[in-house]
Amino acid sequence: MAGKRNNKPKKLLLITSSGGGGHIQAANAKAVKALSEDPNLEIIQKDILIDWVGRRFGKCFVHLWNVSQKKGNLRMLSFLSKNIPVADILFWVLIFIKALKTILREDVDRIIDTQPVGTSATIKALKVASRFTGKKIKLEKVITELPTEKVLHFFKPIKGLSQADRNLLRLVSTTPLLSGDQTPDAFWQKNCKLQESEVLYEDFPLRATFEVFRQKLDAPIERMNIEIKVKNYIEKFLIADTIKRGNLHAEIFRDKIAITIEPTDKVSTILLGSQPTEEATIKYVKSFIEMANKAGDRGFRHLLFVFCNHEAEHRNSLLRRVHDAIQKFTDYPQYLNIIPMCFQGDEVIAPLYYRSDATFTRSGGLTSMELMTVAQGQIWIHSEIKGTLDREKLGNGMPIWERGNAHYLQEKKGAQFITPETFADFCSSYFMPESASSSLA
């Protein structure tokens, strides 16, 4: 019987969540890596909210989270994150039962979890399952944020585990951002009650194309081709009609639009999360046009790539709103080329992060990891705070975990915090290097 079992493919249970894009992206990256190590591996993927807590509740939560991201509703995002411990209590029994059934029914050999909910219940299910299967399995908890003291939604549930339960946890992360003379061991003790030796340091869980561009860092700038996928005629028209305002040549195909970035082009990218903050995106586009106009023709083209949401057909879609806003400019400069698009895969995002001289971004976990890995230009992190020009206060306009990621990027990559209102003052030297900007002093 043992021989028979050994011939069966191993089974990996991936636990993730649809709230935001980072948890699923990390799960997919882990799946790709696991399959590269064992092509016969069988993968079972579960969305903890939709598959285990309940489809109706899970979809409602995901919708609320995504809408809050689009609207930049900081209060709601913070409320949802702070109440993860409450969700752990409310759904503990349900998650425990579903996890136990899945582990036993699927005869799971390994578990990777890329989201913060249900840690205690899942570990208890592992304990009970081991009595029936005899397998000694640990829960591999992948932290999908850059490790700072702001990652409370991941760290608090871990810190609250008993010592016996923490022994069944393998935390997967990268080197933490330390304060003062703090040591890594002190960081993990304070935040998770773990020794540093109990934490597995790994490379970021990146999508495949990011690994390709990781190998090209510091290489000479070369001509680059970008193919933007389109799903329908409306999407294609809105993108192509916007590109026509500048002097960039685009090849239009049935299901894609192809453009070429020259080595002399100055490239900028606006990507404010998997659910882009719509009003901020439009304001940044308008400010960019105004600043490019003010700077005048410098002998090179500006290329500004603007990522919108998934849906283009709706009359109020972000893609349509960006298109319409650009059409209203009567003094639009020919040397500025704006390329809006619906959300794309890593085959478009990775080369743009790599090639961009500046990237407007939010500091979600996986986004921050991708920028840490391949970005070579300036990183501008969007803040939702209103009515302040004080750089020190801009971090307060982000959810607490994004604030931690932002400080990590600030420390390691020289990132700057901006708002649509501060953009012109803080970033004028990007357009006019000769300008004396006290904000960059």
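The values are calculated or read from the model by the stated rules, or taken from the named source; none is laboratory data. In this text the structure is predicted, and so the values were computed from the model without any measurement. Note: ideal-geometry Cβ built from the backbone for every residue, glycine included; neighbour counts use all protein chains shown.
When residues in the stretch 60-94 are screened for being closer than 22 Å to Ser120 by Cβ, touching a residue at least 24 places away in the same chain (Cβ under 8 Å) and assigned to a loop (DSSP other than H, G, I, E, B), 1 of them pass. Scanning the stretch 60-107 for residues that are buried (at least 19 other Cβ atoms within 10 Å of the Cβ), among the aromatic types (Phe, Trp, Tyr) and more than 23 Å from the chain's Cα centre (by Cα) gives Phe91, Phe96. You will find that of Thr373, Thr361, the residue that is surrounded by 20 or more Cβ atoms within 10 Å (Cβ to Cβ), in contact (Cβ under 8 Å) with a residue 40 or more places away in the chain and either within 21 Å of the chain's Cα centre (by Cα) or farther than 19 Å from Lys244 by Cα (or both) is Thr361 and no other.
The lone criterion from (1) modelled with pLDDT under 95; (2) within 25 Å of Glu370 (Cβ to Cβ) left unmet by Ala34 is number (1). Annotation: Phe300 fulfils all but one of (1) within 17 Å of the chain's Cα centre (by Cα); (2) closer than 22 Å to Ser428 by Cβ; (3) assigned to a loop (DSSP other than H, G, I, E, B); the unmet one is (1).
Please find, within the stretch 133-157, the residue that is nearest to Leu178 (Cα to Cα) out of those that are surrounded by fewer than 17 Cβ atoms within 10 Å (Cβ to Cβ) and of a type in the set (D, E, K, R).
Within the stretch 133-157, the subset surrounded by fewer than 17 Cβ atoms within 10 Å (Cβ to Cβ) is 133-136, 138.
Filter once more, keeping what is of a type in the set (D, E, K, R): 135-136, 138.
Values: Lys135: 37, Lys136: 33, Lys138: 27 Å.
Selected residue: Lys138.
When Gln189 is tested against (1) surrounded by fewer than 21 Cβ atoms within 10 Å (Cβ to Cβ); (2) in contact with a Lys or Arg (Cβ under 8 Å, 6 or more places away or on another chain); (3) in a helix (DSSP H, G or I), only condition (2) is not met.
Just to check your reading of the model, which residue among Ile97, Ile24, Ile44 is at pLDDT 95 or above, out of contact with any Gly (no Cβ under 6 Å at 6 or more places or on another chain) and in a helix (DSSP H, G or I)? Give the steps one after another, and end with the answer.
Values: Ile24 fails: at pLDDT 95 or above; Ile44 fails: in a helix (DSSP H, G or I).
Testing whether each residue is at pLDDT 95 or above, out of contact with any Gly (no Cβ under 6 Å at 6 or more places or on another chain) and in a helix (DSSP H, G or I) leaves just Ile97.
Among the candidates Ile379, Ile349, Ile400, the residue that is β-branched (Val, Ile, Thr) and more than 19 Å from Phe210 (Cβ to Cβ) is uniquely Ile400. Residue pairs whose Cβ atoms lie under 7 Å apart, sitting 6 or more positions apart in sequence or on different chains, and linking a residue in the stretch 260-279 that is free of Cβ contacts under 8 Å to residues at least 40 places away in the same chain to a partner that is surrounded by fewer than 22 Cβ atoms within 10 Å (Cβ to Cβ) and charged (D, E, K, R), are Thr260/Arg223; Glu262/Arg223; Asp265/Arg301.
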